[in-house]
Amino acid sequence: MLPLPQKIAFLLFALLTLALGLEGFYRLYLRIRRGTADPESRFNNLPRRFVYALVTTLTQQRTFKKRPTIGLFHSFIFYGFVFYGLVNLVDAIEGYLPFTVSSENPLGATYNFLADIISFLVLLGVVALVIRRFALPSRHDFRFNPRTLLHKDVQHEKITRDSLMVSGFILFHVGSRAIGAGAKIAIEGPDSLQPFATLLSHLFTPANAEFFRIFGYWGALGSVLAFLAYFPYTKHVHIFMAPAKYLVARELTSGVLPSVSINLEAEMESESPQIGANKLEDLAWPRLLDAYACIQCNRCQDVCPATATGKSLSPAALEINKRMELNDLAAQKNPFAFAAAPFEKGTPSPNPLLKFAITPEAAWACTTCGACIEVCPTQNEQMLDIIDIRRNQVMIEGEFPSQLQSAFRGMERAENPWGINHEQRVAWADGLNVKTTDENPAPDVLYWVGCAASYDPQAQKTARAFVELLNHAEVNFAVLGKKECCTGDSARRAGNEYLYRQLADKNVSTLNAVHPRLIVASCPHCMNSIGHEYKQIGGDYKVMHHTEYLETLVANKKLTATPGEATITYHDPCYLGRHNGVYDAPRNLLNILSNNTPELPRNRENAFCCGAGGAQFWKEEEEGDQRISDNRFREAQQTLASATGEKILAVGCPFCKSMLGSTPTKADSEDIAIKDVAELLLEGVRRAKGLTTPTVDTKPVHEIRPTTQNLVILSEAPERAAGESKGAQSKDPESAIPAPVAQNLSATTTNPPPPAPERKKWQPKPASPATGKSPTQSSAQEITQTEAPEPTEMQPPPAATPERKKWQPKAPATTASPAPTVTEAEPTPTPTTERKKWQPKKTD
């Protein structure tokens, strides 16, 4: 027991520090609740959620992923923390009551043994992690790209200081307890069930053992109490926040974005319209919880394709910056003030997210691949933060990469991001026996063709191959034909929720009228939108990827394939694999088609993105060290390097096929063919039937190649005059098409036009020399609507980087009428420099 004066002193100290600690946690709660209401239920099925949180926390299963060795050392600290709750309680009681735990009985023996071993393991774990963080080459895991925006506190080494303080606290706390246990054994005699304490007992003599026993008591319990006041502001608070995040984790897959209620007329009339996230408090409260659940392990940064290719985006920096800003907003000059900070009381935060958390360039570098969410030990939702930031930028600020203007225009006018005349929607099926739902109103399968297979010649090969396979299997199928329009996936991922809803609502209305039994899509993005996101707006359908459906046809013996001699490796599309969990179906088919199917090093849930997702397909990549598609294709090169004979990179997504097929590195590897799984299966089926020539022509349909007669004008005349659209002033209509698609389109013509200009990396508009402000710091009226044209072979590149422009949809019609089909270029009116807020077109 402690002497009486020390009992009194310790009790007063405990009351003060506990009060400070409780006040700190309460204020942390106030900061988190400043977030907006989440559109998804986070407290439904509480018993199941509680069990999940408990099991996930105690097993540390998410911490062991990717880094099992580091996870082991981390588990030593975690389990020590959990068990030390009991140890600290028992030790506190021993200081006030004539009570001791003896190893003479089984319960006491078990307790003493666990307390002794866990003390040693905690110290071992802390030392190992400190060495890793500051001494080993792995310390680079905690660094960021030079382009990454870092909060001022991060720049001032606050992460390092915090890590050292937390490590020092754990070492002192557990070390003090071990010293106290060793001194106690020196007094009472050795205990074989406490080997670590017995070893330390040799450091003490009978003369000083009592002093060190009392030191151990104050050092262990006093340090815990003293640390409580600082604890809510440290990275170590994740030990409580991570289980809380498990408890309120999203139930939907990462491929489903939270729904948004949009009333644009009301928002535009409001003095402070709000859609998406401009400031911290605009984020949903679970994503403020993310900032404190983050363990700063940087695993999300390790798997981010933007970070890996040297771009400014770092999902880890985003979460860390959020925490640093939240802590700064909570800072009090007087630590004993016992009062909430202004932000905690409801005062708006002073800084927008794009000033301290992430740059505009980084926000537009995200491919929405979901790798950060999948790998995060605490299930943080970094990608959703970025989507909310994009929503605010597009729909309120009107600030986004100018190349997206063409895609938005195309989806608005022609119901496809290519902007090609909607009347050409079914031209891909020329020569095939493909019926629409008007001709076959009760098909067993509704084939959702998608925009890519309707307009991109390379994707048409997949659609035509899939149709032939359906015919071989005698499947009763149909397509929507001209009733089908873009699902809106790219618009939604680019932040244009209103445009997405226009397209999605039309598709849901069409599908609800058709009542499809089963929808099969060859595009994972379409499959994801129709199968999951349309449920948010009243569309509940059974949707399957074409590789899954083909697998069932093969399993039911409706299709029989003979393997070939090619070596085939498979690239997992993010929206098929990581977002929707379809990994085995394409592999099962490929294993039938080849005896040599090596895996790419990064595969399944660890697969690397092609770079097309998140509307990246319709814009240029941000500044970085390399293209994302190049990074991925080099991996395929290395995997197939030792193969002899035919080499094939198999894909299951039209955008992956286009990106990987048009990436610069591909030009040096003409021996590697990129084919969809359906194309490869068709080849196997033909071999099995002894067909040396195709029963149907699966080459892309040339007639739908965009021309000046059928290309929908992708931007307003003033924007064309300003050179806003890529290649808008070029005589070649293909210059309005994204580079990967343009290359594929030109490859299908007898006399192909000159290749499209090399894709340029988008760079944010430089600061104004007059104001010194960046675009995000300037008002809409301060930014002019000028942009230099894209350089071509006949024109030197401009000196200035093109400016980002606000998207202005076509003027609303006074009467209801269908969108006109544009067959000729419109005359160019005098350009205007007045910037207007984005207003959606009105529909009756």
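The values are calculated or read from the model by the stated rules, or taken from the named source; none is laboratory data. This structure is a prediction, so every number in the text was calculated from the model and none was measured. Every residue, glycine as well, gets a Cβ built from its backbone with ideal geometry; the counts of neighbours run over all protein chains shown. Ligands, DNA and RNA are stripped out before the accessible areas are found, and what is left, the full protein with its side chains, is counted by its heavy atoms. Shrake-Rupley method; radii C 1.70, N 1.55, O 1.52, S 1.80 Å.
With the requirement that a residue be open to solvent by 10 Å² or more (accessible area, probe 1.4 Å) and small (G, A, S), what does segment 474-491 give you?
S490, the sole residue that qualifies.
Say we look at segment 378-397 and pick out the residues that are open to solvent by 10 Å² or more (accessible area, probe 1.4 Å) and touching a strand residue (DSSP E or B) at 6+ places or on another chain (Cβ under 9 Å); which of these is nearest to R31 (Cα to Cα)?
Across segment 378-397, the extreme among qualifying residues is D388.
Which members of segment 587-609 meet the condition of being under 17 Å from T307 (Cα atoms) and in a loop (DSSP other than H, G, I, E, B)?
The answer is R602, A607, F608, C609.
Among the candidates L18, L4, L89, L54, which residue alone is open to solvent by 70 Å² or more (accessible area, probe 1.4 Å) and modelled with pLDDT under 90?
Of L18, L4, L89, L54, the one residue that is open to solvent by 70 Å² or more (accessible area, probe 1.4 Å) and modelled with pLDDT under 90 is L4.
Out of T552, T547, which single residue is assigned to a helix (DSSP H, G or I), open to solvent by 10 Å² or more (accessible area, probe 1.4 Å) and modelled with pLDDT of 95 or more?
T552
Is it true that Y96 is on the phi < 0 side of the Ramachandran plot, of a type in the set (F, W, Y) and surrounded by fewer than 15 Cβ atoms within 10 Å (Cβ to Cβ)?
Yes; evaluated as a whole, the condition is true for this residue.
Looking at I530, I519, can you tell me which residue is more than 23 Å from the chain's Cα centre (by Cα) and open to solvent by less than 10 Å² (accessible area, probe 1.4 Å)?
I519
Of all residues in segment 127-150, which are open to solvent by 60 Å² or more (accessible area, probe 1.4 Å) and of a type in the set (V, I, T)?
Once the filter is applied, which keeps residues that are open to solvent by 60 Å² or more (accessible area, probe 1.4 Å) and of a type in the set (V, I, T), segment 127-150 yields V127, I131.
Does V224 meet the test of being β-branched (V, I, T), open to solvent by 30 Å² or more (accessible area, probe 1.4 Å), at pLDDT 90 or above and within 42 Å of the chain's Cα centre (by Cα)?
For V224, the condition - β-branched (V, I, T), open to solvent by 30 Å² or more (accessible area, probe 1.4 Å), at pLDDT 90 or above and within 42 Å of the chain's Cα centre (by Cα) - is met.
Conditions: (1) out of contact with any helix residue (DSSP H, G or I) (no Cβ under 7 Å at 6 or more places or on another chain); (2) open to solvent by less than 70 Å² (accessible area, probe 1.4 Å). H74 meets all but one. Number of the miss?
For H74, the exception is condition (1).
Where residues in segment 337-377 are touching a strand residue (DSSP E or B) at 6+ places or on another chain (Cβ under 8 Å) and not in a helix (DSSP H, G or I), which of them is surrounded by the most Cβ atoms within 10 Å (Cβ to Cβ)?
Among residues in segment 337-377 that are touching a strand residue (DSSP E or B) at 6+ places or on another chain (Cβ under 8 Å) and not in a helix (DSSP H, G or I), the one surrounded by the most Cβ atoms within 10 Å (Cβ to Cβ) is W364.
Condition first: touching a residue at least 12 places away in the same chain (Cβ under 8 Å), among the β-branched types (V, I, T) and in a loop (DSSP other than H, G, I, E, B). Can you find one or more residues in segment 646-660 that meet it?
No, segment 646-660 has no match at all.
Return yes or no: is L124 surrounded by 18 or more Cβ atoms within 10 Å (Cβ to Cβ) and among the aliphatic types (A, V, I, L, M)?
no
Quick check on D162: is it within 30 Å of K355 (Cβ to Cβ) and touching a helix residue (DSSP H, G or I) at 6+ places or on another chain (Cβ under 6 Å)?
yes
Consider segment 379-401. How many of its residues are out of contact with any Ser or Thr (no Cβ under 9 Å at 6 or more places or on another chain), closer than 20 Å to G255 by Cβ and not in a helix (DSSP H, G or I)?
Summing the residues that are out of contact with any Ser or Thr (no Cβ under 9 Å at 6 or more places or on another chain), closer than 20 Å to G255 by Cβ and not in a helix (DSSP H, G or I) in segment 379-401 gives 1.
When you scan segment 495-515, do you find a residue that is open to solvent by less than 10 Å² (accessible area, probe 1.4 Å) and at positive phi, even just one?
The answer is yes; a qualifying residue exists.
Tally the residues that are outside any loop (DSSP other than H, G, I, E, B) and either among the basic types (K, R) or at pLDDT below 90 (or both), restricting the search to segment 236-288.
Residues flagged as outside any loop (DSSP other than H, G, I, E, B) and either among the basic types (K, R) or at pLDDT below 90 (or both) within segment 236-288 amount to 9.
Inspect all residues belonging to segment 163-174 and state whether any of them is over 30 Å from C300 (Cβ atoms), open to solvent by 30 Å² or more (accessible area, probe 1.4 Å) and either in contact with a strand residue (DSSP E or B) (Cβ under 6 Å, 6 or more places away or on another chain) or at pLDDT 90 or above (or both).
Yes, segment 163-174 has at least one match.
Restricting the search to segment 548-563, which residues are touching a Leu at 6+ places or on another chain (Cβ under 7 Å), of a type outside the set (A, V, I, L, M) and closer than 17 Å to V651 by Cβ?
The answer is E551, and nothing else.
Just a yes or no: is a residue in segment 202-215 crowded, with 21+ Cβ neighbours inside 10 Å, assigned to a helix (DSSP H, G or I) and touching a Leu at 6+ places or on another chain (Cβ under 9 Å)?
yes
Could you check, for segment 35-44, whether at least one of its residues is open to solvent by less than 90 Å² (accessible area, probe 1.4 Å), touching a helix residue (DSSP H, G or I) at 6+ places or on another chain (Cβ under 7 Å) and either acidic (D, E) or free of Cβ contacts under 8 Å to residues at least 24 places away in the same chain (or both)?
Within segment 35-44, one or more residues are open to solvent by less than 90 Å² (accessible area, probe 1.4 Å), touching a helix residue (DSSP H, G or I) at 6+ places or on another chain (Cβ under 7 Å) and either acidic (D, E) or free of Cβ contacts under 8 Å to residues at least 24 places away in the same chain (or both).
Name the residue, out of V449, V467, V479, that is over 22 Å from Q502 (Cα atoms) and among the β-branched types (V, I, T).
V467
I'd like to know if segment 300-319 contains one or more residues that are closer than 25 Å to L247 by Cα, part of a helix (DSSP H, G or I) and over 16 Å from the mean Cα position of the chain (by Cα).
For segment 300-319, residues closer than 25 Å to L247 by Cα, part of a helix (DSSP H, G or I) and over 16 Å from the mean Cα position of the chain (by Cα): absent.
Conditions tested, residue by residue: (1) buried (at least 21 other Cβ atoms within 10 Å of the Cβ); (2) more than 18 Å from K675 (Cβ to Cβ).
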site: N591; (1), (2): no, no
site: P601; (1), (2): no, yes
site: C609; (1), (2): yes, yes
site: D625; (1), (2): no, yes
site: S629; (1), (2): yes, no
site: A650; (1), (2): yes, no
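Any residue in segment 278-305 that is at positive phi sitting within a Cβ distance under 6 Å of a residue that is open to solvent by 10 Å² or more (accessible area, probe 1.4 Å)? List the pairs, counting only those 6 or more apart or interchain.
Taking only residues 6 or more apart or on different chains, the pairs are Q296/K235; N298/D141; N298/F142.
Could we say that S167 is touching a residue at least 40 places away in the same chain (Cβ under 8 Å) and under 30 Å from A9 (Cβ atoms) here?
yes
Output the number of residues of segment 403-423 satisfying the condition of being in a helix (DSSP H, G or I) and over 11 Å from C451 (Cβ atoms).
Qualifying residue count for the region: 8.
Please determine whether any residue of segment 610-626 is charged (D, E, K, R) and either at pLDDT 95 or above or in a helix (DSSP H, G or I) (or both).
No, segment 610-626 contains no residue that is charged (D, E, K, R) and either at pLDDT 95 or above or in a helix (DSSP H, G or I) (or both).
What number of residues within segment 477-519 satisfy the criterion of being of a type in the set (D, E, K, R) and assigned to a loop (DSSP other than H, G, I, E, B)?
Within segment 477-519, residues that are of a type in the set (D, E, K, R) and assigned to a loop (DSSP other than H, G, I, E, B) number 2.
E104 versus (1) without any contact (Cβ under 8 Å) to a residue 60 or more places away in the chain; (2) part of a helix (DSSP H, G or I); (3) not β-branched (V, I, T): which is the lone unmet condition?
Of the numbered conditions (1) without any contact (Cβ under 8 Å) to a residue 60 or more places away in the chain; (2) part of a helix (DSSP H, G or I); (3) not β-branched (V, I, T), the odd one out for E104 is (2).
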